[in-house]
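The values are calculated or read from the model by the stated rules, or taken from the named source; none is laboratory data. Everything quoted here is computed from the prediction, not taken from an experiment. When we count neighbours, we look across all protein chains shown, and the Cβ atoms used for this are built from the backbone with ideal geometry, even at glycine.
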Ligand SMILES: O=P(O)(O)OC[C@H]1O[C@H](OP(=O)(O)OP(=O)(O)O)[C@H](O)[C@@H]1O
(Lines give C-alpha, C1' and ligand atoms only; values in the text may rest on other atoms or scores of the structure.)
Protein backbone atom coordinates (compact mmCIF):
# COMPACT_ATOMS: atom_id res chain seq x y z
CA UNK A 1 0.00 0.00 0.00
CA UNK A 2 1.27 3.46 -0.89
CA UNK A 3 1.95 5.64 2.14
CA UNK A 4 2.57 9.32 2.88
CA UNK A 5 4.74 10.76 5.71
CA UNK A 6 2.89 12.93 8.24
CA UNK A 7 4.80 14.71 11.02
CA UNK A 8 3.23 16.45 14.00
CA UNK A 9 5.17 17.68 17.04
CA UNK A 10 8.28 15.79 15.90
CA UNK A 11 6.44 12.45 15.57
CA UNK A 12 6.21 10.98 12.05
CA UNK A 13 3.81 8.36 10.75
CA UNK A 14 3.71 6.84 7.26
CA UNK A 15 -0.05 6.73 6.73
CA UNK A 16 -1.97 5.00 3.91
CA UNK A 17 -3.06 7.00 0.88
CA UNK A 18 -6.74 6.38 0.19
CA UNK A 19 -9.00 7.39 -2.71
CA UNK A 20 -12.45 8.18 -1.23
CA UNK A 21 -13.54 9.76 -4.52
CA UNK A 22 -12.07 8.93 -7.95
CA UNK A 23 -9.01 11.03 -8.75
CA UNK A 24 -8.69 12.40 -5.20
CA UNK A 25 -6.10 10.70 -3.01
CA UNK A 26 -5.71 11.73 0.63
CA UNK A 27 -3.53 10.56 3.53
CA UNK A 28 -5.58 8.67 6.11
CA UNK A 29 -4.66 9.98 9.56
CA UNK A 30 -5.56 7.68 12.45
CA UNK A 31 -5.17 8.39 16.16
CA UNK A 32 -6.85 5.20 17.35
CA UNK A 33 -4.29 2.85 18.88
CA UNK A 34 -1.38 5.31 18.64
CA UNK A 35 -0.79 7.08 22.01
CA UNK A 36 2.52 8.71 20.98
CA UNK A 37 1.08 10.31 17.83
CA UNK A 38 -2.10 11.26 19.71
CA UNK A 39 -0.13 12.96 22.51
CA UNK A 40 1.98 14.89 19.97
CA UNK A 41 -1.15 16.10 18.18
CA UNK A 42 -2.92 17.06 21.43
CA UNK A 43 0.15 19.03 22.56
CA UNK A 44 0.21 20.87 19.21
CA UNK A 45 -3.49 21.71 19.55
CA UNK A 46 -3.33 22.79 23.20
CA UNK A 47 -2.12 26.39 22.64
CA UNK A 48 -5.10 27.00 20.34
CA UNK A 49 -7.64 26.33 23.11
CA UNK A 50 -8.93 29.66 24.47
CA UNK A 51 -8.43 30.28 28.19
CA UNK A 52 -12.18 30.71 28.71
CA UNK A 53 -12.98 27.20 27.40
CA UNK A 54 -15.17 25.18 29.76
CA UNK A 55 -15.82 21.94 27.84
CA UNK A 56 -14.68 20.18 24.66
CA UNK A 57 -17.05 18.64 22.10
CA UNK A 58 -16.05 16.02 19.52
CA UNK A 59 -17.42 13.17 17.38
CA UNK A 60 -16.80 9.47 16.93
CA UNK A 61 -14.41 7.93 16.05
CA UNK A 62 -10.83 8.92 15.37
CA UNK A 63 -11.01 12.28 17.25
CA UNK A 64 -11.98 10.60 20.55
CA UNK A 65 -8.49 9.67 21.84
CA UNK A 66 -7.19 13.05 20.70
CA UNK A 67 -9.93 14.89 22.60
CA UNK A 68 -9.46 12.67 25.65
CA UNK A 69 -5.74 13.45 25.88
CA UNK A 70 -6.36 17.15 25.27
CA UNK A 71 -9.12 17.29 27.90
CA UNK A 72 -6.92 15.57 30.44
CA UNK A 73 -4.04 18.00 29.78
CA UNK A 74 -6.40 20.98 30.17
CA UNK A 75 -8.35 19.56 33.10
CA UNK A 76 -11.62 20.00 31.18
CA UNK A 77 -14.56 17.65 30.58
CA UNK A 78 -15.67 16.60 27.09
CA UNK A 79 -18.67 15.12 25.34
CA UNK A 80 -18.83 12.98 22.21
CA UNK A 81 -21.49 12.99 19.49
CA UNK A 82 -22.17 9.44 18.28
CA UNK A 83 -22.56 8.42 14.65
CA UNK A 84 -25.25 5.81 15.39
CA UNK A 85 -28.32 5.91 17.55
CA UNK A 86 -27.85 3.77 20.64
CA UNK A 87 -30.90 2.08 22.24
CA UNK A 88 -30.32 3.77 25.61
CA UNK A 89 -30.39 7.32 24.23
CA UNK A 90 -33.21 9.49 25.56
CA UNK A 91 -34.41 12.59 23.72
CA UNK A 92 -31.15 12.90 21.74
CA UNK A 93 -30.18 15.89 19.62
CA UNK A 94 -30.14 14.53 16.06
CA UNK A 95 -28.17 16.49 13.49
CA UNK A 96 -27.61 15.72 9.82
CA UNK A 97 -24.15 16.28 8.32
CA UNK A 98 -23.17 16.16 4.67
CA UNK A 99 -19.51 15.19 4.67
CA UNK A 100 -17.60 15.23 1.40
CA UNK A 101 -14.85 13.18 3.01
CA UNK A 102 -16.86 9.99 2.64
CA UNK A 103 -19.18 11.26 -0.10
CA UNK A 104 -22.31 10.31 1.87
CA UNK A 105 -24.61 12.04 4.33
CA UNK A 106 -24.27 11.19 8.00
CA UNK A 107 -26.19 11.82 11.20
CA UNK A 108 -24.76 12.79 14.59
CA UNK A 109 -26.53 11.82 17.81
CA UNK A 110 -26.08 13.36 21.24
CA UNK A 111 -27.91 11.83 24.18
CA UNK A 112 -29.75 14.46 26.23
CA UNK A 113 -27.70 13.73 29.37
CA UNK A 114 -24.59 14.84 27.46
CA UNK A 115 -26.33 17.71 25.67
CA UNK A 116 -27.18 19.08 29.13
CA UNK A 117 -23.47 19.37 29.89
CA UNK A 118 -23.17 21.94 27.07
CA UNK A 119 -25.91 24.24 28.46
CA UNK A 120 -24.55 27.76 29.08
CA UNK A 121 -20.99 26.49 28.58
CA UNK A 122 -18.15 27.94 26.48
CA UNK A 123 -17.53 25.04 24.13
CA UNK A 124 -14.50 24.16 21.98
CA UNK A 125 -15.16 21.98 18.93
CA UNK A 126 -12.34 19.45 18.41
CA UNK A 127 -11.64 17.30 15.37
CA UNK A 128 -8.71 15.40 13.91
CA UNK A 129 -9.20 16.51 10.31
CA UNK A 130 -11.32 19.25 8.78
CA UNK A 131 -12.03 18.92 5.06
CA UNK A 132 -15.33 20.40 3.87
CA UNK A 133 -16.07 21.65 7.38
CA UNK A 134 -19.57 20.12 7.28
CA UNK A 135 -18.94 17.98 10.37
CA UNK A 136 -17.87 21.04 12.40
CA UNK A 137 -20.88 23.00 11.09
CA UNK A 138 -23.19 20.22 12.26
CA UNK A 139 -21.41 20.11 15.64
CA UNK A 140 -21.84 23.88 16.03
CA UNK A 141 -25.57 23.56 15.35
CA UNK A 142 -25.76 20.87 18.03
CA UNK A 143 -24.04 23.12 20.58
CA UNK A 144 -26.47 25.95 19.79
CA UNK A 145 -29.44 23.58 20.09
CA UNK A 146 -28.05 22.42 23.45
CA UNK A 147 -27.83 26.02 24.69
CA UNK A 148 -24.04 26.33 24.61
CA UNK A 149 -21.67 28.86 23.01
CA UNK A 150 -18.89 27.87 20.62
CA UNK A 151 -15.68 29.75 21.49
CA UNK A 152 -13.29 27.91 19.14
CA UNK A 153 -13.29 25.43 16.27
CA UNK A 154 -10.12 23.33 16.23
CA UNK A 155 -8.73 20.51 14.10
CA UNK A 156 -5.22 19.11 13.97
CA UNK A 157 -5.17 18.83 10.19
CA UNK A 158 -6.73 20.93 7.44
CA UNK A 159 -7.41 19.23 4.12
CA UNK A 160 -8.55 21.51 1.31
CA UNK A 161 -10.65 24.59 2.02
CA UNK A 162 -13.24 24.22 4.79
CA UNK A 163 -16.46 26.19 4.47
CA UNK A 164 -15.97 27.90 7.85
CA UNK A 165 -13.13 29.36 9.93
CA UNK A 166 -11.17 26.64 11.73
CA UNK A 167 -7.87 26.85 13.63
CA UNK A 168 -5.50 24.04 12.61
CA UNK A 169 -1.86 23.14 13.18
CA UNK A 170 -0.94 21.36 9.93
CA UNK A 171 -2.04 20.92 6.33
CA UNK A 172 -2.73 17.59 4.64
CA UNK A 173 -2.32 17.43 0.86
CA UNK A 174 -5.00 16.33 -1.60
CA UNK A 175 -2.93 14.37 -4.15
O1 LIG B 1 -14.80 18.49 7.31
P2 LIG B 1 -15.51 17.24 6.85
O3 LIG B 1 -15.60 17.14 5.34
O4 LIG B 1 -16.84 17.09 7.49
O5 LIG B 1 -14.63 15.97 7.26
C6 LIG B 1 -14.08 15.81 8.54
C7 LIG B 1 -14.60 14.56 9.22
O8 LIG B 1 -14.06 13.41 8.56
C9 LIG B 1 -13.41 12.58 9.51
O10 LIG B 1 -14.28 11.63 10.02
P11 LIG B 1 -14.63 10.26 9.29
O12 LIG B 1 -15.89 10.43 8.54
O13 LIG B 1 -13.45 9.78 8.51
O14 LIG B 1 -14.96 9.29 10.51
P15 LIG B 1 -14.03 8.65 11.66
O16 LIG B 1 -13.59 9.76 12.57
O17 LIG B 1 -14.98 7.72 12.33
O18 LIG B 1 -12.86 7.96 11.00
C19 LIG B 1 -13.02 13.52 10.65
O20 LIG B 1 -12.90 12.86 11.88
C21 LIG B 1 -14.14 14.52 10.66
O22 LIG B 1 -15.19 14.09 11.49
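Listing for the model above:
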read-out	value
Top-ranked residue in the range 116-127 [being buried (at least 24 other Cβ atoms within 10 Å of the Cβ) and either part of a strand (DSSP E or B) or free of Cβ contacts under 8 Å to residues at least 24 places away in the same chain (or both); ranked as nearest to the ligand (Cβ to nearest atom)]	127
Selection count where residues are at pLDDT 95 or above, surrounded by 15 or more Cβ atoms within 10 Å (Cβ to Cβ) and touching a helix residue (DSSP H, G or I) at 6+ places or on another chain (Cβ under 9 Å), scope the range 30-49	9
Long-range neighbours under 6 Å by Cβ, at least six apart or interchain, first residue over 16 Å from residue 150 (Cβ atoms) within the range 44-73, second more than 11 Å from the ligand (Cβ to nearest atom) and part of a loop (DSSP other than H, G, I, E, B)	44/9
Test: residue in the range 147-167 that is more than 16 Å from the ligand (Cβ to nearest atom), under 20 Å from residue 56 (Cβ atoms) and surrounded by 19 or more Cβ atoms within 10 Å (Cβ to Cβ)	yes
Boolean, residue 143 is within 12 Å of the chain's Cα centre (by Cα), under 15 Å from residue 78 (Cα atoms), crowded, with 18+ Cβ neighbours inside 10 Å and modelled with pLDDT of 95 or more	no
Among (1) assigned to a loop (DSSP other than H, G, I, E, B); (2) in contact with a helix residue (DSSP H, G or I) (Cβ under 8 Å, 6 or more places away or on another chain), the one test that residue 87 misses	(2)
Filtered residue count, the range 80-115, keeping only those that are away from the ligand (no atom under 15 Å from the Cβ) and surrounded by 17 or more Cβ atoms within 10 Å (Cβ to Cβ)	6
Candidate set: the range 1-21, residues that are closer than 13 Å to residue 170 by Cβ and out of contact with any helix residue (DSSP H, G or I) (no Cβ under 8 Å at 6 or more places or on another chain); chosen: the one surrounded by the most Cβ atoms within 10 Å (Cβ to Cβ)	6
Residues that are without any contact (Cβ under 8 Å) to a residue 60 or more places away in the chain and within 14 Å of the ligand (Cβ to nearest atom), drawn from the range 137-146	137, 138, 140, 141
Residues satisfying the stated conditions in the range 49-79, i.e. within 10 Å of the ligand (Cβ to nearest atom) and out of contact with any strand residue (DSSP E or B) (no Cβ under 8 Å at 6 or more places or on another chain)	61
Residues that are touching a strand residue (DSSP E or B) at 6+ places or on another chain (Cβ under 9 Å) and assigned to a strand (DSSP E or B), drawn from the range 5-19	5, 6, 7, 8, 12, 13, 14, 15, 16, 17, 18, 19
